[in-house]
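Down below is the structure, laid out as structure tokens.
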Amino acid sequence: MHSFEFMEPTTLAEALRLLATHEDDACVFAGGTALLLAMRQRMMVPEIVVSLGRLHDLRTIGWTPAGGLRIGALARHGDVARSELVQQHYPMLAGVAAGLANPQVRNQATIGGNLCYADPATDPPSCLIAMGAEVTIAGPDGERRIPMRTFSVDFFTTALEPGEILTGILLPPPDPQRLGHYRRHLRTAAEHRPVANVALTARRVGSAWDEVRLVVGAATPSPQSMTRAEAYLAGRAITLDVAAEAASLVAEELAPISDGRGDAAFRRQVVRAATRRIVAEAAGLDWKETAA
Amino acid sequence: MTVSVVGQPMPQVSAQEKVQGRAVYAGDIKMAGMLHAKLLRSPHAHARILSIDTSAAEALPGVKVVVTGDDVPRRRWGVHHKQQNVLACGLVRFVGEEVAAVVATTEAVAQDALELIRIEYEELPAVLDIDAALSEGAVPVHPEGNVVDEINIARGDVEAGFAAADIVHEEVYTTHSQYPGYMEPMATVAATDGNGRLTVWTSTQSVFLARQRLAEALDRPISSIRVIQATVGGGFGAKIVEERSSVIAAFLATKVDRPVRLNLSRLDDIQSGCFSVPMRIRLKMGMTRDGTITAKDVTIEAECGAYAGLSPEVMLVTAMRSDNMQRLENVRSHARMIHTHTMPRGAFRGFGGTQMSFALNSHMSTMADMLGMDPFDLHRRNAIRTGDLSVHGWEIGSCGLPECLDQVSTALDWTARRARNTRCGVLRRGVGMAAVMHVSGNRTMGNWDGSTVVLKVNEDGRVVILTAESDMGQGANTMLTQICAQELGIPVSHVTVQAPDTDNSPYCLGSLASRVTINAGNAMLGAARQARSQILEAAAQKLGCEAADLTIADGVVHSGKNPNLFAPLPEICRYHIFRHGGEGILVRHTHDPKTVMMNKEHYGNIAPAYSFAAQALEVEVDTETGQVRVVETYLSDDCGKAINPLTVHGQSAGAAVQAVGWTLYEELQMEGGRVMNGNLADYTMPTAEAVPTMHSDIVETDEPNGPLGAKGASETAILPGAPAIANAVYDAIGVRITDLPITPEKILAALAAKEQPHA
Amino acid sequence: MSGHKLSLVVNGERVEADVPSNRLLSEFLRDDLALTGTKRGCETGVCGACSVLVDGDVVKSCLSLAVQMNGREITTVEGLGRVGALHPLQQQFMEKGGLQCGYCTPGFLMAAVDLLKRNPNPDDAEIREGLSGNLCRCTGYQGIVDAIRSTAEAGHGA
Ligand SMILES: Cc1cc2nc3c(=O)[nH]c(=O)nc-3n(C[C@H](O)[C@H](O)[C@H](O)COP(=O)(O)OP(=O)(O)OC[C@H]3O[C@@H](n4cnc5c(N)ncnc54)[C@H](O)[C@@H]3O)c2cc1C
Ligand code: FES
Ligand code: FES
């Protein structure tokens, strides 16, 4: 690996100043699990590495009934998974964090780093979008707050401007009427990264759903909201046929990527399957009986 | 009484140092003044090297030497086909071939220097697969042409056999290349001394074959080289004679006259080859209505890549070994080994057996269905038995195949599960089975398949074993220890097995062809018995009694007739030295089995014993995503007497999982001859989560030629997995996959094709 | 470029060191501290052979920089147990066939320590999930799973 300067600011302001001073030569370092791989492959060659490791405030996870959940960008996946607050109020997110990657990576990698790297083959982004998350971003001109939906832009591209730091993730207060489900699909059981995932949240209104959010991740350059299926599912009594129809709509709307883990047709097929299953599951139906 | 040691499950003798992280692998060795090497590889599948400019690399501070094909000996090395130099000379024949090497003070400097080497290539047309290599006017990989080896075997009357058949079935199967995937990438430390001798510590399955190869490649006398086996982090066949990095490291040490360490990165290790041989197998078989096989006709096209290595030997196994598992009369095989401009392939656990096992067992299940028979019954009907002489002249001294079949079918509850399958729903289950055989030993490397063990009994009654058979984790040293301890009546903790060292160990061939337990085990038995009788003779003299009355147990020599006559072992061992004409106890025993080399017609009993195995398993197929999972599996290995059942189970589980990986998870992706997934994130080997509990059982036949009845285990167990899975997939969804691996895409495509039959 | 002063505790001993910023934790342990029990198998975060404990949590040392370790406490396999005082997991790995070539073993042991710390009574599925960051090519995982289960059953989970 090339040599670089490793800086460990102790305040956010100092970190932002370092980024402003060194501009393109500098790069933020959180858990390092993605960055070190990129640096060793010389995909990234920063001269100044600004570690956030000493910004302890960014590691905390806090909750208030009115404000909802705030996860510091530096919280590791394992911290999120093991947080009692998250487990209690947002079990869907706790499940995602507990089930991604592997124990070691969960102990090293931060949720902020995951979002900022914007590698498509990840889990949290689609889940957070479906949960209506927002993110907070600190920059030279102060802090801004944007929906997670607009944060993930494309392959390895986010809405972060140069010199900005992601500081946290905000989740709205839990709504007891809102259901949430997540499915990740590995191409084979021996894979390490998802080839596709689907996140679903919706408000229960009687036996039907409302405010449906259905987001596909890992199969697309950045998470894609499945607007047609969302509209179709809203207000409808969910049956296996409805689930299958939603899956078809998703398969039509999806613009999948092709790579070594699977081509577009394969991804479309597994997303269709995952969608049918997640909708059925959320409605308490058994998807195993008949195929789509 | 000494409790019996042989047959007891016990931890491997190396386990204690390994769980502490204190076993020393080649990559852990550090020597004073040691330098580090890195290799530059060809980016082209076929190209002429026009010029190499190393000046900028040489000028980098810390760089000691940069070598290219111009600097290496002209003498070429290889197993039979002498095709390679230490570094590519003038021409590169695959992407990844080593073209230059840098030695520097640190790995980082060596790595930086690689990027400063300027090479001008003239790209040449390349043949990247079998069909291209065989096409009219194909570019030859070597001047001799692209068919490097051809085998024809015929026995009986195949045409008459087919004429007598009630059913005939023909199918083409393709098998892909598997990465051995040992967790330790190749590593070597090499150093010259003040006398110009070269010592090489490396990760190898055979120090003597390594030495021979080094002598050839470096063009220097065998005895000027000493090879010492470092702890080996897995081999699986690739570290027998084909890997090239130890050769390069040794050459570099002679260039700089200082210790050099060459640790391959994982990408390096993958690019350098040693994957298994991919094959296309056309199989045609005839059977009578009762399931008797009347004829078998096999055509094989196999791809060895740029250099032949052991591939021709591998192909010979594919061409004929499985014939010996059944009572056959009419068999014919035609096999060709073909060069392409891709990485060299070669030896891999199972040594050509996995490829044919896939074809044969897929075929057997298909034909069982055609006959309305249970595949287990079809195998039983044709299975070879103890005492048989096989079609190729193999003398089957022990055969537990019928028992293996019984064990696994009972364990899986085969009949009931098979009946349960309804072929409906999204997740469908199916069961499959396969039966296989393997050799224990093989007289093939020359007319000797022997093994020598030197046993030293120290003056405290503890012993040291010298052998050059290699333990790469499979448990050879533990097996020797158990036999030795039992025969001498001493605790296993009093036995030390020295690491193979060509200067100090007796000549041995090493760990290949599942030959170590049966051959080295017999040598060990002989040596231990010899030492024992020497001890008893000395004790008899000292105690004034008959040696015949004495025994050793728990480290004490005592008389069976007179309880007052006894002496601790150390006392006797010292007595053996400290008397006129005395000496320390040092015995040597060689065992060379009574086997023959195959004749020109490939006939003859090549191995002292043959091992058998069967596997039955259940899979679940996700018909929407194409995912296949093995949900339950049972494997039975007929390894003769299991000297250490713990090790045998470990070998069975490890081999079975490697087979699952080959069948379902692992796939080498190449584009233009370039490896596209040269890392463990994208070349996905099974994780603990990706496999179920690996149940294994042992059929303990009593092998007359084996030490205490034992024969080889471990390789046999990798053979049945792939076809058992393919058969189970067929049972689950009615789709027969004949080309490995069984990927989700293939499952989905086959299901789609089935749903839309041609109008 | 810059050297960094590091002060940390490795296997219970205080270590002061000067390391370049681009030194991986795995390199620091193996090459600077001669703790070669920590292996490298892929250096891309997949195989887990380089696993060590940092402040009690298992991590991959090939995905960490040495400079991140200032003030931290590291345990490598060498710090787990010694002859005569082997860690229960080491003992069980030996007895249950949890290793063959041994190259993956240090990494699996460290992952197993973390696993049992968080879940003293795991079932087989949980054990396998806890090992999903480690690869073994020899054992087929059976001996490893058996070893961890029996360690937990003997009450050494916590
Ligand atoms: C073997 C393996 C398996 C994996 N499997 C999965 C999986 O199944 N699912 C999954 O979701 N992920 C998976 N990952 C990815 C993992 O989650 C990410 O590597 C990780 O989350 C990145 O976090 P980090 O803290 O290590 O980021 P770093 O490597 O420190 O940083 C990553 C990038 O984000 C930038 N950055 C980091 N933090 C900030 C910030 N606060 N503000 C601005 N920029 C920032 C950095 O500059 C860098 O460009 C896997 C990784 C590995 C190695
Ligand atoms: S060497 Fe670190 S995970 Fe493989
Ligand atoms: S014991 Fe060899 S890799 Fe696990």
task: Check whether at least one residue in the stretch A:6-26 is within 14 Å of another protein chain (Cβ to nearest Cβ), closer than 22 Å to C:GLU43 by Cα, more than 16 Å from ligand 2 (Cβ to nearest atom) and touching a residue at least 24 places away in the same chain (Cβ under 8 Å), and report yes or no.
output: yes
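Would you check which residues across the stretch B:450-490 are part of a helix (DSSP H, G or I) and more than 14 Å from B:LEU525 (Cβ to Cβ) and list them? Walk me through how you get there before you give the answer.
Kept after step one, since they are part of a helix (DSSP H, G or I), are these residues of the stretch B:450-490: B:476-488.
Once the filter is applied, which keeps residues that are part of a helix (DSSP H, G or I) and more than 14 Å from B:LEU525 (Cβ to Cβ), the stretch B:450-490 yields B:ALA476, B:ASN477, B:THR478.
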field: Residues being of a type in the set (Asp, Glu) and within 12 Å of the chain's Cα centre (by Cα) - total across the stretch A:110-152
entry: 3
task: Could you tell me whether A:PRO125 is of a type outside the set (S, T, N, Q), buried (at least 24 other Cβ atoms within 10 Å of the Cβ), within 14 Å of chain C (Cβ to nearest Cβ) and away from ligand 3 (no atom under 16 Å from the Cβ)?
output: no
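So, in the stretch B:643-659, of the ones that are in a helix (DSSP H, G or I) and among the polar types (S, T, N, Q), which residue ends up nearest to B:LEU740 (Cα to Cα)? Working first, answer last.
Here is the first cut: in the stretch B:643-659, the residues in a helix (DSSP H, G or I) are B:645-659.
Of the ones still in play, those that are also among the polar types (S, T, N, Q) are B:647, B:651-652, B:658.
Numbers: B:THR647: 29, B:GLN651: 23, B:SER652: 22, B:GLN658: 14 Å.
Residue satisfying both the conditions and the ranking: B:GLN658.
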message: Here are the criteria: (1) of a type in the set (A, V, I, L, M); (2) without any contact (Cβ under 8 Å) to a residue 60 or more places away in the chain; (3) within 14 Å of chain C (Cβ to nearest Cβ); (4) crowded, with 23+ Cβ neighbours inside 10 Å. Tell me which single one A:ALA81 does not satisfy.
response: (4)
message: Residues to consider are B:ASP682, B:ASP702; find the one that is more than 7 Å from every other protein chain (Cβ to nearest Cβ) and assigned to a loop (DSSP other than H, G, I, E, B).
response: B:ASP702
message: Give all pairs with beta carbons closer than 6 Å in which a residue from the stretch C:47-73 that is in the same structural domain as C:ASP18 (by TED's automatic domain parsing) and on the phi > 0 side of the Ramachandran plot meets a residue that is more than 7 Å from ligand 2 (Cβ to nearest atom) and in a helix (DSSP H, G or I); count only pairs at least 6 apart in sequence or on separate chains.
response: C:GLY48/C:GLY107
- request: Can you run down the residue pairs with Cβ atoms below 9 Å, 6 or more apart or on separate chains, where the first is in the stretch B:8-25 and among the β-branched types (Val, Ile, Thr) and the partner is assigned to a loop (DSSP other than H, G, I, E, B) and surrounded by fewer than 21 Cβ atoms within 10 Å (Cβ to Cβ)?
  value: B:VAL19/C:GLY81; B:VAL19/C:LEU86; B:VAL19/C:HIS87
task: Filter the strands (runs of 3 or more DSSP E) completely within the stretch B:141-204 down to those with at least 1 residues that are free of Cβ contacts under 8 Å to residues at least 60 places away in the same chain.
output: B:198-202
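The rows are residues; the columns are (1) surrounded by fewer than 16 Cβ atoms within 10 Å (Cβ to Cβ); (2) in contact with a Ser or Thr (Cβ under 7 Å, 6 or more places away or on another chain).
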residue: B:VAL6; (1), (2): no, no
residue: B:PRO11; (1), (2): no, no
residue: B:ALA26; (1), (2): no, yes
residue: B:GLY33; (1), (2): yes, no
residue: B:LEU39; (1), (2): no, no
residue: B:VAL65; (1), (2): no, no
residue: B:ASP71; (1), (2): no, no
statement: If we keep only residues of the stretch B:479-501 that are surrounded by fewer than 24 Cβ atoms within 10 Å (Cβ to Cβ) and of a type in the set (Ser, Thr, Tyr), then the residue nearest to B:SER223 (Cα to Cα) is B:THR496
- request: Please go through the stretch B:376-424 and pick out each residue that is under 26 Å from B:ASN705 (Cβ atoms) and of a type in the set (Val, Ile, Thr).
  value: B:ILE384, B:THR386, B:VAL391, B:ILE396, B:VAL408
message: For the stretch B:207-249, which positions are in a loop (DSSP other than H, G, I, E, B), in contact with a Gly (Cβ under 8 Å, 6 or more places away or on another chain) and without any contact (Cβ under 8 Å) to a residue 40 or more places away in the chain?
response: none
- request: Please find, within the stretch C:3-35, the residue that is farthest from A:PRO46 (Cα to Cα) out of those that are in a loop (DSSP other than H, G, I, E, B), in contact with a helix residue (DSSP H, G or I) (Cβ under 6 Å, 6 or more places away or on another chain) and away from ligand 2 (no atom under 16 Å from the Cβ).
  value: C:ASN11
message: So C:GLY107 ticks every box in (1) without any contact (Cβ under 8 Å) to a residue 40 or more places away in the chain; (2) within 16 Å of ligand 1 (Cβ to nearest atom); (3) part of a helix (DSSP H, G or I) but one. Which box is left unticked?
response: (1)
- prompt: So which of C:SER61, C:SER51 is within 7 Å of another protein chain (Cβ to nearest Cβ), within 14 Å of ligand 2 (Cβ to nearest atom) and under 20 Å from B:ALA187 (Cβ atoms)?
  reply: C:SER51
field: Qualifying positions in the stretch B:534-552 - in a helix (DSSP H, G or I) and either under 20 Å from B:ARG462 (Cβ atoms) or outside the structural domain of B:GLY461 (by TED's automatic domain parsing) (or both)
entry: B:GLN534, B:ILE535, B:LEU536, B:GLU537, B:ALA538, B:ALA539, B:LYS542
field: Test: residue in the stretch B:173-182 that is surrounded by 23 or more Cβ atoms within 10 Å (Cβ to Cβ), within 25 Å of B:HIS36 (Cβ to Cβ) and β-branched (Val, Ile, Thr)
entry: no
- line: Listed by range, helices (runs of 4 or more DSSP H) wholly within the stretch A:213-292 having at least 2 residues that are among the basic types (Lys, Arg) are A:264-282
query: Restricting the search to the stretch C:78-104, which residues are part of a loop (DSSP other than H, G, I, E, B) and touching a residue at least 12 places away in the same chain (Cβ under 8 Å)?
result: C:LEU80, C:HIS87, C:LYS96, C:GLY97, C:GLY98, C:LEU99, C:GLN100, C:CYS101, C:TYR103, C:CYS104
statement: C:THR38: passes all of (1) assigned to a helix (DSSP H, G or I); (2) among the β-branched types (Val, Ile, Thr); (3) within 11 Å of chain B (Cβ to nearest Cβ) but (1)
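Conditions (1) within 16 Å of ligand 2 (Cβ to nearest atom); (2) surrounded by 24 or more Cβ atoms within 10 Å (Cβ to Cβ); (3) more than 18 Å from B:PRO686 (Cα to Cα), marked per residue:
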{"residue": "C:PRO88", "(1), (2), (3)": "no, no, yes"}
{"residue": "C:GLN92", "(1), (2), (3)": "no, yes, yes"}
{"residue": "C:GLY102", "(1), (2), (3)": "yes, yes, no"}
{"residue": "C:ARG118", "(1), (2), (3)": "no, no, yes"}
{"residue": "C:ASP123", "(1), (2), (3)": "no, no, yes"}
{"residue": "C:GLY133", "(1), (2), (3)": "yes, yes, no"}
task: Restrict the check to the stretch C:1-13 and report whether at least one residue is among the β-branched types (Val, Ile, Thr), in contact with a strand residue (DSSP E or B) (Cβ under 7 Å, 6 or more places away or on another chain) and either within 14 Å of chain B (Cβ to nearest Cβ) or more than 16 Å from ligand 1 (Cβ to nearest atom) (or both).
output: yes
task: Could you please give the count of residues in the stretch C:129-148 that are within 15 Å of ligand 3 (Cβ to nearest atom) and part of a helix (DSSP H, G or I)?
output: 7
query: Going through the stretch A:58-78 one residue at a time, which ones are more than 12 Å from chain C (Cβ to nearest Cβ) and out of contact with any strand residue (DSSP E or B) (no Cβ under 7 Å at 6 or more places or on another chain)?
result: A:THR64, A:PRO65, A:ALA66, A:GLY67
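The values are calculated or read from the model by the stated rules, or taken from the named source; none is laboratory data. Here the structure is a predicted model, which is why all the values come from computation and not from measurement. A quick note on method: Cβ atoms are made from the backbone with ideal geometry, for glycine too, and the neighbour counts reach across all protein chains shown.
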